[in-house]
Amino acid sequence: DAGVTQSPTHLIKTRGQQVTLRCSPKSGHDTVSWYQQALGQGPQFIFQYYEEEERQRGNFPDRFSGHQFPNYSSELNVNALLLGDSALYLCASSLGPPGQGFRGQYFGPGTRLTVT
Amino acid sequence: AQKITQTQPGMFVQEKEAVTLDCTYDTSDPSYGLFWYKQPSSGEMIFLIYQGSYDQQNATEGRYSLNFQKARKSANLVISASQLGDSAMYFCAMNLRKGAGSYQLTFGKGTKLSVIP
């Protein structure tokens with residue numbers, strides 16, 4: 001049973017460029033959430049996709065956008081990269097959107113993005 | 001604003017000893033969930049334990065237990081019989097209601113645990 005997979009593992013981009021990160025959820029999961037984890041910090045929620053729509057969004061600018069495909073996989077796009085966008089980007093999947101008693105969110109290994 | 005506070009940037013524990021990692025939270029919502037995750041150097045967040053705000057008993061999962069003190073708004077993680085493989089970053093997180101049926105996970109800054117042989 002494959003867990004959450006993310007690609008690429010590492011990525012180096014130049015300031016001002018655009019980047020696309022990819023996530024395949026755990027088998028049977030239909031909801032994908034994205035998090036940004038800066039060095040020395042906890043993950044911060046970017047947004048969540050369910051039924052191919054953005055359902056929730058954290059405090060991130062419009063430069064951060066996403067997409068969910070019919071097979072439930074997801075992409076995170078970041079435009080006009082800034083040095084401050086350098087971070088580990090984590091994808092998490094679940095069956096259905098997280099509710100109060102929710103505990104079944106599985107994380108992928110992350111994509112480490114470096115902006116120079 | 002709702003938030004999670006982990007006051008211990010780093011902790012050391014002798015192998016086979018128990019260790020407590022502190023977590024306090026702040027919310028006025030009576031409905032929330034509390035989580036602990038482990039993050040090894042590989043980067044993947046591993047779910048350890050969960051406590052619901054209405055749960056009457058403290059959660060336990062193997063060597064992990066959560067000391068939930070609702071009035072003090074604390075949710076400390078206790079790891080018994082520490083192992084070398086427990087060396088990692090540990091994050092406390094809270095699942096907060098953001099709307100009808102909608103919850104969002106908020107993390108603390110983490111505690112780096114080092115287990116000494």
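The values are calculated or read from the model by the stated rules, or taken from the named source; none is laboratory data. What you are looking at is a predicted structure, and each value in this text was computed from that prediction instead of being measured. Here the Cβ positions follow ideal geometry from the backbone for every residue, glycine too, while neighbour counts run over all protein chains shown. Areas reflect the complete protein model, heavy atoms only, side chains present, ligands, DNA and RNA absent. Shrake-Rupley method; radii C 1.70, N 1.55, O 1.52, S 1.80 Å.
For the reader, a short list of remarks on this structure follows.
- Theoretical gain in end-to-end length, B:Gln83 to B:Ser114 [0.36 nm per residue, Cα-Cα removed]: 10.2 nm
- In this structure, the residue pairs whose Cα-Cα separation is over 25 Å, taken from B:Lys70/B:Lys98; A:Lys13/B:Lys3; A:Lys26/B:Lys70, are A:Lys13/B:Lys3; A:Lys26/B:Lys70.
- Short-range pairs are left out: with C-alpha atoms under 8 Å and at least six residues apart, the relative contact order of chain A is 36 percent.
- The stretch B:1-76 - percent of accessible surface contributed by carbon and sulfur, probe 1.4 Å: 46
- Shape box of the stretch B:1-78 [Cα atoms, principal axes, largest first, Å]: 37, 26, 21
- Computed Rg/Rh of chain A, alpha carbon atoms with Kirkwood Rh: 0.95
- Accessible surface calculations at 1.4 Å, restricted to protein heavy atoms, place the protein assembly as shown at 47 Å² per residue.
- Averaged over peptide A:25-37, the number of partner chain Cβ atoms lying within 10 Å of each residue's Cβ comes to 1.
- Cα-based equivalent ellipsoid of the stretch A:14-53: semi-axis lengths in Å, sorted from largest, via gyration tensor: 23, 15, 10
- The alpha carbons of the protein assembly as shown give a radius of gyration and a Dmax of 17.6, 51 Å, in that order.
- Relative contact order of chain B, pairs being alpha-carbon contacts under 8 Å that are 6 or more residues apart, as %: 36
- With the highest mean first, a sort of the peptides B:47-55, A:31-39 on other beta-carbon atoms found within 10 angstrom per residue produces A:31-39, B:47-55.
- Excluding ligands, DNA and RNA and using a 1.4 Å probe, chains A and B jointly bury around 1800 Å² of accessible surface, summed across both partners.
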